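A short write-up of the structure that comes next.
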Amino acid sequence: MKPASSPDELLRIEGIRKTFPGVVALDSVDFDLRRGEVHVLLGENGAGKSTLIKMLSGAYTPDAGRITVGGEQVRIHGAQDAERLGIATIYQEFNLVPDLTVAENIFLGRQPRRFGLIDRRTMERDAEALLARVGVQVSPRARVRELGIARLQMVEIAKALSLDARVLIMDEPTAVLTSEEVEKLFAIVRALREDGVGVVFITHHLEEIAALGDRVTVIRDGRSVGQVPASTPEDELVRLMVGRSIEQQYPRERPDTGDALLKVEGLTRDGVFHDVSFEVRAGEVVGIAGLVGAGRTEVARAVFGADPYDRGSVEVAGARLPRHDVNAAMSAGVGLVPEDRKGQGLVLDQSVEENLGLVTLRAATHGGFVDRKGQHTAAERIAGQLGVRMSGLGQHVRTLSGGNQQKVVIGKWLLADIRVLILDEPTRGIDVGAKVEIYQLVNELTAAGHAVLMISSDLPEVLGMSDRVLVMAQGRLAGELSADDATQDSVMALAVSSPTTLKEEGSRDH
Ligand SMILES: Nc1ncnc2c1ncn2[C@@H]1O[C@H](COP(=O)(O)OP(=O)(O)OP(=O)(O)O)[C@@H](O)[C@H]1O
Ligand SMILES: [Mg+2]
């Protein structure tokens, strides 16, 4: 029997199914959305969340099942159908055109015209009003390529507002935001909810569910397995999502540490980072915390040789690395899992196996022959350990879910023969269960005497997994905390310290 639809119902999905060659992405999903609610979609990497919302945005059409909007069955073929129905989507990968301006992106395909020409003045004025409603300071004339991720997202929201959307779908909007930006986003979402907009919200950050959500639909292996209030305790949500409970979220096992494997001294890139010195010993996990823009990624890239630096030195196991030379760094056993994985970490049109083998290829080549069997076995093992959800090792990485793509990049470096692994935001977009698997692999690395440098904006992760925490602020090391002294408060106090206090500290050293 069908439940009676409430007068507040915006849309309803019943028994939706979607398959791709070799993959049942959605088996049978039920879902409904009401006016003025935030409905969270929760599920492991590859459970089918993004696929589900793509049925609503018109990117995919279902193989079976029904979608009703305002009580009437609809077909959503393409973005225009979705737009007509008042459904706006902000994807996991943004959809803006980098070379157009903010205003042009907001009104793409719908620019106001005057005497047949695009009326730039009206367009920019309207864009300005929308941006003000979202509360973001950005010029309508700025090019989208110049904007950081948080602002891109605000522009996407402004665009949704311009469409007068009644349904706003957000696929992991907070994955790339700082905590301050998250608060701002939440304020906007709450205001939209007040206006009666229905919001579909996907996140892997469980604490956001109670903070923002009203109801939660849990998806497991392409099926909706439950609908619960957002106030449901986190461990219960985890149990619904992964089908078991997770005892320990941060299972750090601290081995005895050895000599310094990585030694960075006085590293400076003028205008970017200054006088950064630290070391990471064999067996250690050193975390780097800080606000976005503090220079953490830039330091990591310079250490790995991906970017140049002006002064200072980088040593691995006592041997100095040449500046700006990735090959030399890799030969010395340094690996980097980059923050921007799609851009720098993956070859999207190659298979999972090929991507996993990218770094080990050299080691697997014996006298000109590639040890394909060895590579295959290794790829199978690591994909299994990380729980990469795929139709097989031959699946193209492009068609993996967001979180599973990330697992492949991390797996690639875990397979490589490395002594120093630098992880930049290692678990962004990764579900809670898979996070624990990654932490276990970090434990294995350090138990084997390797060193790990971990940049993360996820403070609980930094605190839970690091043996020492370095905090960067405005391009400088603002301080170092032992695992025992590192708390949310002590880290944040250093992260927001001003450059003048830092300069005073620095001058004392001279
Ligand atoms: N175009 C495609 N071709 C083949 N398989 C696909 C395609 N799109 C999605 N899939 C598969 O469908 C399944 C569900 O993927 P989906 O992206 O919906 O997961 P998700 O729940 O959003 O995961 P994540 O949390 O990692 O983003 C995955 O196994 C994925 O590999
Ligand atoms: Mg997804």
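Exactly one residue among A230, A175, A260, A282 is more than 24 Å from A451 (Cβ to Cβ), surrounded by 14 or more Cβ atoms within 10 Å (Cβ to Cβ) and modelled with pLDDT of 95 or more, and that residue is A230.
Restricting the range 427-457 to residues that are of a type in the set (D, E) and touching a residue at least 40 places away in the same chain (Cβ under 8 Å) leaves a set whose member that is nearest to ligand 1 (Cβ to nearest atom) is D431.
Reported count of residues in the range 327-358, each being surrounded by fewer than 18 Cβ atoms within 10 Å (Cβ to Cβ) and at pLDDT below 80, is 4. As a summary of the residue check, R254 satisfies the conditions (1) more than 30 Å from L185 (Cα to Cα); (2) within 26 Å of the chain's Cα centre (by Cα); (3) touching a residue at least 40 places away in the same chain (Cβ under 8 Å); (4) surrounded by fewer than 18 Cβ atoms within 10 Å (Cβ to Cβ) except for the one numbered (2). Being acidic (D, E) and at pLDDT 90 or above is the filter; apply it to the range 72-119 and report the residue that is farthest from M170 (Cα to Cα). Going through the qualifying residues, I end up with E72. From the list R84, R66, the one residue that fits, being farther than 19 Å from P140 by Cβ and touching an Asp or Glu at 6+ places or on another chain (Cβ under 9 Å), is R66.
A residue that is of a type in the set (S, T, Y), within 14 Å of ligand 1 (Cβ to nearest atom), surrounded by 22 or more Cβ atoms within 10 Å (Cβ to Cβ) and more than 30 Å from A319 (Cβ to Cβ) occurs somewhere in the range 392-404. Kindly check whether there is at least one residue in the range 56-70 that is closer than 16 Å to R166 by Cα and surrounded by fewer than 19 Cβ atoms within 10 Å (Cβ to Cβ). Scanning the range 56-70 turns up at least one residue that is closer than 16 Å to R166 by Cα and surrounded by fewer than 19 Cβ atoms within 10 Å (Cβ to Cβ). Apart from one condition, E236 fits all of (1) part of a helix (DSSP H, G or I); (2) touching a residue at least 12 places away in the same chain (Cβ under 8 Å); the exception is (2).
Test D424 against the criterion of being buried (at least 17 other Cβ atoms within 10 Å of the Cβ), within 16 Å of ligand 2 (Cβ to nearest atom), closer than 23 Å to G464 by Cβ and modelled with pLDDT of 90 or more, and give yes or no. Taking the combined requirement at face value, the residue does not satisfy it.
As for the range 70-90, it holds at least one residue that is within 21 Å of G198 (Cα to Cα), in a strand (DSSP E or B) and within 16 Å of ligand 1 (Cβ to nearest atom).
The values are calculated or read from the model by the stated rules, or taken from the named source; none is laboratory data. As the structure is a prediction and not an experimental result, all values here were calculated from the model. Quick reminder, even Gly has a Cβ in these numbers, built from the backbone with ideal geometry, and neighbours come from all protein chains shown.
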